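Take a look at the structure set out below.
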Amino acid sequence: MPVKIRVTGIVQGVGFRPFIYRIAVKNDLKGYVRNRGDAGVEILLEGREENIRSFLRDLKEKKPPLAQIYETITLPLKGKNECKAFTILKSSDEAELSGSVIPPDIAICDECLKELRDPENPRYEYFFITCTNCGPRYTIIERLPYDRENTTMRDFPMCGFCKNEYTNPLNRRFHAQTVACAECGPKAYLTTKQGELTESKDPIREAGRLLSEGFIVAIKGYGGFHVATATTVDEPLVRLRRVKHRRQKPFAIMAKNLEAVKSFSQVGVKEGELLTSYTRPIVLLNKSENHYLSDLIAPSLHNIGVMLPYTGLHYMLFDKVDDPAFVMTSANPPNQPIIKDDDEALRRLGDTVDYFLFHDRQIAHRCDDSVIRLHSSHQVFLRRSRGYAPAPIMLREKAKRCAVGLGGELNNTGCVLLGNKAFISQHIGDVKNVETRDFLENSTKHLIRLTNSKVEAVACDLHPKFTTTKLAQDLAVENGWQLIQVQHHYAHIAALMLEHNVKEVIGICCDGYGYGLDGEAWGGEILFCTQDFPDFERLAHLQKQPLIGGDFATRYPLRVAVGILHKKVDVQGWLLQNQRHFPHGEKEAQIILHQLEKRSKIIETTSCGRVLDAVAAVLGICYERTYEGEPAMKLESTAIKGKDSLQLDPVINGNVLDTTQLLLEIFKSRGKCSKADLAYSAHAYLGKGLATLAIEKALEKSVKTVGFSGGVACNELLVLIMRRVVEGSGLRFLVHEVVPPGDGGLSFGQAVVAGFW
Ligand SMILES: [Zn+2]
Ligand SMILES: [Zn+2]
């Protein structure tokens with residue numbers, strides 16, 4: 001009796017149909033396999049029952065490495081066997097099942113890399129070499145099912161040679177939609193900054209040579225443009241920082257190979273595995289003692305973001321030069337998404353770069369590189385994007401309803417929660433203007449379509465003025481979805497709970513800013529969250545501290561420091577000593593003093609980020625925040641080399657951890673201890689203080705688990721200190737492993753609240 005099988009999962013674009021073909025033929029079965037419009041695969045089998053059983057075993061045990069099977073539905077069919085052979089049929093547009101998705105972009109595989117280097121191979125030195133196991137996917141697919149005409153490869157009809165491989169069941173490129181060669185596939189070319197073609201016969205190596213000489217080149221990749229330059233000399237970096245208006249923000253780099261990475265940074269086993277994995281993220285690595293790359297790449301930080309080449313083109317850039325690495329930073333103007341289109345690149349980067357290395361294939365969807373950091377052996381996502389999105393995060397429980405989360409404002413993502421799967425979008429960025437808002441809306445809608453989801457609710461932040469809040473309101477009205485607003489820190493802790501499948505937790509949530517239930521600025525919170533009660537309790541928090549000048553205080557952390565210290569000491573002399581760190585010098589310092597005297601209309605915050613910023617300012621580590629998290633990141637980098645020389649006892653007043661005392665002690669100890677020791681001592685105070693409060697609350701509520709989330713949970717030192725205290729008391733300590741602790745995980749947390757509770 002024939003059977004029909006439907007498979008959901010990541011089964012398109014991963015060599016699944018060729019695999020089905022092979023196991024069907026091997027088991028002497030006839031029938032067909034085809035892709036469907038819902039990203040799933042449909043199989044018809046005719047043959048002996050025992051052969052079908054054997055096929056199903058093979059399906060489970062031998063599936064291709066990149067395939068993920070979520071569900072297999074087998075239906076016996078009435079009727080007779082009619083097929084003469086087993087074939088791969090033309091895809092159907094039918095979309096009925098939901099929850100399947102296409103794979104993320106995959107780094108070039110070892111076999112393709114070998115062929116790229118083999119003079120005998122027809123794809124020798126062809127930059128866009130791919131196969132069923134590697135190449136772009138998410139960024140190339142415009143619509144389902146995954147067929148060449150639905151991708152941006154449609155502009156490149158296969159030549160005879162490629163077609164041959166494409167139709168040969170024994171070939172690695174059997175039904176590989178991205179198959180191409182120098183004859184028929186995309187071509188690379190080098191232009192001046194005005195877009196005029198250069199004469200180069202070997203544009204990619206020529207671009208590598210230009211980079212090595214200190215020119216700035218915009219390079220088109222899989223998911224967008226990078227801006228690249230040399231790493232061993234300062235001059236091009238000075239220029240790049242000036243034209244990009246990025247004074248301090250670290251640049252990611254791409255190294256020639258693992259050996260090169262080890263020559264300038266420390267690479268542990270786990271870090272090496274991540275660097276070389278098929279997801280090829282940027283990994284934050286500690287600079288080694290003899291670090292010799294320019295200090296302008298990651299100024300005043302102890303670590304540097306490194307990735308390895310992930311396309312044939314990247315590998316070829318290094319062929320004719322001795323450089324160990326090139327800067328490879330996303331090309332995006334401030335608050336704008338990464339640039340993906342050629343004309344846009346020419347328009348927006350023409351003033352920044354000296355040359356463009358283009359290829360003539362369009363990018364369907366933009367996707368930034370992912371960024372991961374390791375806290376000893378635990379991986380922490382600073383950004384979950386290329387190589388990961390849109391593959392879902394698998395949960396141990398099914399949501400009650402399908403929900404979408406639109407995140408907050410900074411470092412944003414979108415999320416579609418369906419059943420036990422959470423599909424988080426690629427990195428969207430700071431949603432402050434129409435371009436990023438559209439990017440968020442389009443990416444989220446694309447995810448809904450890909451997964452064939454029937455959305456019932458849309459979740460967003462509590463902040464009434466966020467662009468994402470407005471978008472959620474619009475989408476709710478437009479589609480008849482229920483609108484659910486979720487408090488920022490609650491969303492972070494909800495994300496942590498679902499990631500670990502815990503029912504209740506005392507959550508420590510620390511970051512820069514989140515709109516509180518009372519409309520005030522929160523950011524150092526201890527919450528009690530439980531799945532049985534669809535809400536949360538704010539049990540404790542950091543002491544409220546003044547933000548003199550509101551947003552200015554976030555930009556100039558000295559303002560926060562002065563506001564705190566003013567309560568205990570006369571800061572006038574110190575402030576005037578440091579007046580040069582304000583844009584308006586003495587005049588500004590005088591205004592601040594005046595505001596302190598008046599004590600009127602000063603916004604307050606419980607933010608942990610602002611306290612870390614203030615410590616950085618007191619220690620003279622950072623006076624101006626030129627990128628998000630800068631003072632706190634530099635403080636951590638300083639602390640890494642120190643010890644807890646002050647051994648301060650955290651002062652806890654009821655449900656409030658005193659931070660004035662912390663700042664005062666640090667202020668008084670300047671010059672008596674090293675900066676590193678004081679920076680460490682500040683971390684120790686906050687880590688111990690928050691952990692102690694959380695433990696106290698856990699005992700009160702009889703909860704066995706304490707969790708830590710929010711952007712500050714990217715800080716390795718704080719995590720380490722908190723873990724020691726919490727686990728020392730016999731409680732379980734949880735941090736994120738697959739969802740970003742920062743605001744990239746917010747959309748997931750919101751969707752969780754809307755979908756589960
Ligand atoms: Zn390959
Ligand atoms: Zn070809």
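Computed values, structure above
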quantity	calculated
Criterion (open to solvent by less than 10 Å² (accessible area, probe 1.4 Å), among the basic types (K, R) and farther than 24 Å from H365 by Cα) met by exactly one of R173, R123	R123
Where a residue in segment 123-136 is without any contact (Cβ under 8 Å) to a residue 40 or more places away in the chain and its partner, wherever it lies, is away from ligand 2 (no atom under 13 Å from the Cβ) and of a type in the set (A, V, I, L, M, F, W, C), with Cβ under 9 Å and at least six apart	Y124/L116
Filter pass, Y166 being more than 28 Å from D369 (Cβ to Cβ), in contact with a His (Cβ under 9 Å, 6 or more places away or on another chain) and either away from ligand 2 (no atom under 16 Å from the Cβ) or open to solvent by less than 50 Å² (accessible area, probe 1.4 Å) (or both)	yes
Some residue of segment 78-87 being open to solvent by 60 Å² or more (accessible area, probe 1.4 Å), away from ligand 1 (no atom under 15 Å from the Cβ) and at positive phi	no
Tally, over segment 532-564, of residues that are more than 16 Å from W522 (Cα to Cα) and either among the hydroxyl-bearing types (S, T, Y) or under 30 Å from the mean Cα position of the chain (by Cα) (or both)	6
Single unsatisfied condition, A639 versus (1) in contact (Cβ under 8 Å) with a residue 40 or more places away in the chain; (2) open to solvent by less than 20 Å² (accessible area, probe 1.4 Å); (3) hydrophobic (A, V, I, L, M, F, W, C); (4) over 22 Å from G687 (Cα atoms)	(4)
Residues satisfying the stated conditions in segment 119-155, i.e. outside any loop (DSSP other than H, G, I, E, B), of a type outside the set (V, I, T) and more than 16 Å from ligand 2 (Cβ to nearest atom)	C134, E149, N150
Residue under evaluation D118, criteria (1) open to solvent by 10 Å² or more (accessible area, probe 1.4 Å); (2) in contact with a Pro (Cβ under 9 Å, 6 or more places away or on another chain); (3) within 16 Å of ligand 1 (Cβ to nearest atom), criterion not met	(2)
Check on R610, open to solvent by 50 Å² or more (accessible area, probe 1.4 Å), under 23 Å from G512 (Cβ atoms), outside any loop (DSSP other than H, G, I, E, B) and touching a helix residue (DSSP H, G or I) at 6+ places or on another chain (Cβ under 9 Å)	no
Subset of segment 325-343 [under 25 Å from the mean Cα position of the chain (by Cα) and farther than 13 Å from H226 by Cα]	A325, P334, N335, Q336
Selection status of L395, closer than 30 Å to G268 by Cα and more than 16 Å from the chain's Cα centre (by Cα)	yes
Helices (runs of 4 or more DSSP H) completely within segment 434-504 that count 2 or more residues being open to solvent by 70 Å² or more (accessible area, probe 1.4 Å)	434-451, 467-479
Output for segment 570-606, where each listed residue is in contact with an Asp or Glu (Cβ under 9 Å, 6 or more places away or on another chain) and among the acidic types (D, E)	E604
Matching option when the condition is touching a Pro at 6+ places or on another chain (Cβ under 9 Å), closer than 19 Å to I339 by Cβ and either modelled with pLDDT under 95 or among the hydrophobic types (A, V, I, L, M, F, W, C) (or both), among A389, A422	A389
Residue in segment 147-162 that is closer than 28 Å to R401 by Cα, in contact (Cβ under 8 Å) with a residue 12 or more places away in the chain and within 32 Å of the chain's Cα centre (by Cα) present	no
Failed condition for K400, given (1) touching a residue at least 40 places away in the same chain (Cβ under 8 Å); (2) open to solvent by less than 10 Å² (accessible area, probe 1.4 Å)	(2)
Residue in segment 681-701 that is touching a residue at least 24 places away in the same chain (Cβ under 8 Å), basic (K, R), in contact with a helix residue (DSSP H, G or I) (Cβ under 8 Å, 6 or more places away or on another chain) and not in a helix (DSSP H, G or I) present	no
Answer from A67, A95 - the residue that is under 25 Å from the mean Cα position of the chain (by Cα) and either open to solvent by less than 90 Å² (accessible area, probe 1.4 Å) or among the hydrophobic types (A, V, I, L, M, F, W, C) (or both)	A67
The listed residue being aromatic (F, W, Y), within 16 Å of ligand 1 (Cβ to nearest atom) and at pLDDT 95 or above, out of Y138, Y124	Y124
Some residue of segment 99-114 being within 16 Å of ligand 2 (Cβ to nearest atom) and not hydroxyl-bearing (S, T, Y)	yes
Candidates G710, G744, filtered to the one that is on the phi > 0 side of the Ramachandran plot, in contact (Cβ under 8 Å) with a residue 40 or more places away in the chain and surrounded by 21 or more Cβ atoms within 10 Å (Cβ to Cβ)	G710
Selection count, segment 403-425, where residues are over 17 Å from I282 (Cβ atoms) and open to solvent by 10 Å² or more (accessible area, probe 1.4 Å)	6
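The values are calculated or read from the model by the stated rules, or taken from the named source; none is laboratory data. The model shown is predicted, which means the values in this text are computed figures rather than measured ones. Please note: Cβ atoms are built from the backbone with ideal geometry, for glycine as well, and neighbour counts cover all protein chains shown. To get the accessible areas, we keep the full protein, side chains included, count just its heavy atoms, and leave off ligands, DNA and RNA. Shrake-Rupley method; radii C 1.70, N 1.55, O 1.52, S 1.80 Å.
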